[in-house]
Amino acid sequence: MDWGLIDRYAKSLIKEAGHKIRLSFFDHIHIDSKSNANDLVTNIDREIEQFFIEQIQTSFPGHKILGEEGFGDEIKSLNGTIWIVDPIDGTMNFVHQKRNFAISLGIYQDGVGILGYIYDVLRDELYTAKRGEGAYVNDERLPKLGVASIEESIIGINARWVVPNRYIDHEKLLGLIQDCRGTRSYGSAALELAYVSSGKLGAYVSMRLSPWDIAGGMVIAQEVGAISTNLEGETPSLLGPEPFIVARAGLHDELLMKYIQRKR
Ligand code: IPD
Ligand code: CA
Ligand code: CA
Ligand code: CA
């Protein structure tokens, strides 16, 4: 497999998709809701996913594609080459703010993340990684992450996970909110993964993320030494929604042991 070629192709596809998204700001956008009134999707989410799928299918007919909006393949196993794409991660931000959203893409070979991309369309910042070859933001190499304590770290978390919920012991989580330096919620899991990888956040925690939210970011995180797991400390399966934690090495252990426990 010529991963260099696939890498160059994926980058140009992402840049073109970003350009289409920026152009959409001049048009009327149709907004629908999916599972509930706050679960938004627009015609742009759908059009961008279809753009990715048409291009990838034409250029790499043997590859499979998993996309949030359902235009790709039904994926039951990670065998083969799979492109996992979120055309707009942070649709609510896209609709309300026209910023703080990203395109996320991960390319996996038999379950192993080889290439990862997160494109902050508005800032024109493209986070990339190739397995074993480091991570970059545009042309700048991201350094390996050093150690940091909870007390000196900003934690990415959505306030909804700190109110009683069915996944997690929220009182322990309250301890984390008290002990850490501060919390942030950007509303795009992909960007939050990019921020952990580039040292802007110490960790990012969510109780329910889908494969397309994390596939690209996990490849980038791995290259700077951040650890991505579910609540059991296992690598996410990328076959369905799961709780998700990404953090620099020491922090990840402390989060799982002390603060983030599955509800019994
Ligand atoms: C959502 C965003 C959000 C996260 C949600 C995701 P979408 O993705 O990443 O930050 O909290 O769980 O579903 O729907 O905007 O692509
Ligand atoms: Ca969505
Ligand atoms: Ca998403
Ligand atoms: Ca999305």
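The values are calculated or read from the model by the stated rules, or taken from the named source; none is laboratory data. Note that the structure is a prediction, hence the values are computed from the model and not measured. In this analysis, Cβ positions are derived from the backbone assuming ideal geometry, glycine residues included, and neighbour counts consider all displayed protein chains.
Here are ARG208, ARG248, ARG166: which of them is of a type in the set (Lys, Arg), within 16 Å of ligand 4 (Cβ to nearest atom) and either under 21 Å from GLU151 (Cβ atoms) or not assigned by TED's automatic domain parsing to the domain that holds GLN97 (or both)?
Testing whether each residue is of a type in the set (Lys, Arg), within 16 Å of ligand 4 (Cβ to nearest atom) and either under 21 Å from GLU151 (Cβ atoms) or not assigned by TED's automatic domain parsing to the domain that holds GLN97 (or both) leaves just ARG208.
Pairs, please: C-beta under 6 Å, at least 6 apart or cross-chain, first residue closer than 22 Å to GLY70 by Cα and in region 200-212, second assigned to a strand (DSSP E or B) and within 16 Å of ligand 4 (Cβ to nearest atom)?
Going by the 6 Å Cβ cut-off, the qualifying pairs are LEU209/PHE244; PRO211/ILE84; TRP212/ILE84; TRP212/ASP86.
Given (1) within 16 Å of ligand 4 (Cβ to nearest atom); (2) over 21 Å from the mean Cα position of the chain (by Cα), where does ILE150 come up short, assuming only one miss?
(1)
Against the conditions (1) crowded, with 17+ Cβ neighbours inside 10 Å; (2) within 19 Å of the chain's Cα centre (by Cα), where does ILE56 fall short? Just the number, please.
ILE56 satisfies every listed condition except (2).
Can you tell me which residue is nearest to GLU125 (Cα to Cα) among those in region 66-99 that are among the aliphatic types (A, V, I, L, M) and within 13 Å of ligand 3 (Cβ to nearest atom)? First the steps, then the outcome.
The initial filter retains those residues of region 66-99 that are among the aliphatic types (A, V, I, L, M), namely 66, 75, 78, 82, 84-85, 88, 92, 95.
Of the ones still in play, those that are also within 13 Å of ligand 3 (Cβ to nearest atom) are 66, 84-85, 88, 92.
On the way: LEU66: 24, ILE84: 20, VAL85: 17, ILE88: 15, MET92: 20 Å.
Across region 66-99, the extreme among qualifying residues is ILE88.
Read through the list (1) modelled with pLDDT of 95 or more; (2) surrounded by fewer than 11 Cβ atoms within 10 Å (Cβ to Cβ); (3) part of a loop (DSSP other than H, G, I, E, B); (4) of a type outside the set (Ser, Thr, Tyr), then give the number of the only condition that LEU23 fails.
For LEU23, the exception is condition (3).
Among GLU69, GLU49, which is under 25 Å from SER237 (Cα atoms), within 14 Å of ligand 4 (Cβ to nearest atom) and crowded, with 23+ Cβ neighbours inside 10 Å? Before you say what the answer is, go through the steps one by one.
Details: GLU69 fails: crowded, with 23+ Cβ neighbours inside 10 Å.
Among GLU69, GLU49, only GLU49 is under 25 Å from SER237 (Cα atoms), within 14 Å of ligand 4 (Cβ to nearest atom) and crowded, with 23+ Cβ neighbours inside 10 Å.
Pull up region 110-121, narrow it to residues that are in a loop (DSSP other than H, G, I, E, B) and touching a residue at least 40 places away in the same chain (Cβ under 8 Å), then point me to the one that is farthest from the chain's Cα centre (by Cα).
Filtering region 110-121 down to residues in a loop (DSSP other than H, G, I, E, B) leaves 110-111, 121.
If we keep only those that are touching a residue at least 40 places away in the same chain (Cβ under 8 Å) too, we end up with 111, 121.
Working: GLY111: 16, VAL121: 14 Å.
Step by step, filter region 110-121, then rank; the result is GLY111.
Given (1) out of contact with any Asp or Glu (no Cβ under 6 Å at 6 or more places or on another chain); (2) farther than 29 Å from GLU133 by Cβ, where does VAL41 come up short, assuming only one miss?
Evaluating VAL41 over (1) out of contact with any Asp or Glu (no Cβ under 6 Å at 6 or more places or on another chain); (2) farther than 29 Å from GLU133 by Cβ leaves (1) as the failure.
Taking region 38-65 on its own, how many of its residues are among the acidic types (Asp, Glu) and without any contact (Cβ under 8 Å) to a residue 12 or more places away in the chain? First the steps, then the outcome.
Applying the first criterion (among the acidic types (Asp, Glu)) to region 38-65 yields 39, 45, 47, 49, 54.
With the extra rule that they be without any contact (Cβ under 8 Å) to a residue 12 or more places away in the chain, the set shrinks to 39, 54.
Counting residues in region 38-65 that are among the acidic types (Asp, Glu) and without any contact (Cβ under 8 Å) to a residue 12 or more places away in the chain gives 2.
Is it fair to say GLY62 is more than 15 Å from ligand 1 (Cβ to nearest atom), surrounded by fewer than 21 Cβ atoms within 10 Å (Cβ to Cβ) and either at positive phi or at pLDDT 95 or above (or both)? Spell out the reasoning first.
On the way: more than 15 Å from ligand 1 (Cβ to nearest atom): yes; surrounded by fewer than 21 Cβ atoms within 10 Å (Cβ to Cβ): yes; either at positive phi or at pLDDT 95 or above (or both): yes.
When the stated conditions are applied, GLY62 passes them.
Do any strands (runs of 3 or more DSSP E) lying entirely in region 136-236 carry at least 1 residues that are in contact with a Cys (Cβ under 9 Å, 6 or more places away or on another chain), and which ones are they? Talk me through it step by step, then tell me what you get.
Details: elements: 154-157, 182-184, 203-209, 226-229.
Here the list reads 154-157, 203-209.
Under 6 Å by Cβ, and 6 or more places apart or on different chains, what pairs join a residue from region 143-164 that is buried (at least 16 other Cβ atoms within 10 Å of the Cβ) with one that is part of a strand (DSSP E or B) and basic (Lys, Arg)?
Close Cβ pairs (under 6 Å, with a partner that is part of a strand (DSSP E or B) and basic (Lys, Arg)) amount to LEU145/ARG248; ILE154/ARG184; GLY156/ARG184.
So for region 99-109 (the condition being more than 16 Å from the chain's Cα centre (by Cα) and assigned to a helix (DSSP H, G or I)), does at least one residue qualify?
No, the conditions are met nowhere in region 99-109.
If you go through region 129-148 one residue at a time, how many are among the small types (Gly, Ala, Ser) and modelled with pLDDT under 95?
Residues in region 129-148 being among the small types (Gly, Ala, Ser) and modelled with pLDDT under 95: 2 in total.
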